[in-house]
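For reference, the structure is listed below as structure tokens.
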Amino acid sequence: MELNLLGASLAFYLVFGAATVVFVGLSIYVAIWAFRRASQARKDWVEAERQMKAPQSDQND
């Protein structure tokens, strides 16, 4: 009986450990993806703001 519990415990720890590693890996991947996407969106937004302001300053001169 004790040998069966050891096998079940070992299987549980292996599966749980693998699931934990996958979860942490995907969490890091999603965080990096979101940061890069937000950075690019901010760069695009700043560039669009610059382009909108440039013609207006020329018209006022």
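Throughout, read-outs are computed from the coordinates displayed, never taken from laboratory work. Keep in mind it's a predicted model, so treat the numbers as computed, not measured. All Cβ positions, glycine included, derive from the backbone under ideal geometry; neighbour counts span all protein chains shown.
Model label sites at Met52 and Asn4, defined 7 Å from Cα along the beta-carbon direction, differ in position by 7.0 nm. Computed from backbone phi, the HN-Hα couplings of the stretch 18-26 come to 5, 5, 5, 4, 5, 4, 5, x, 5 Hz, rounded to whole numbers (Karplus: 6.51 cos²θ - 1.76 cosθ + 1.60, θ = phi - 60°; Gly and Pro given as x).
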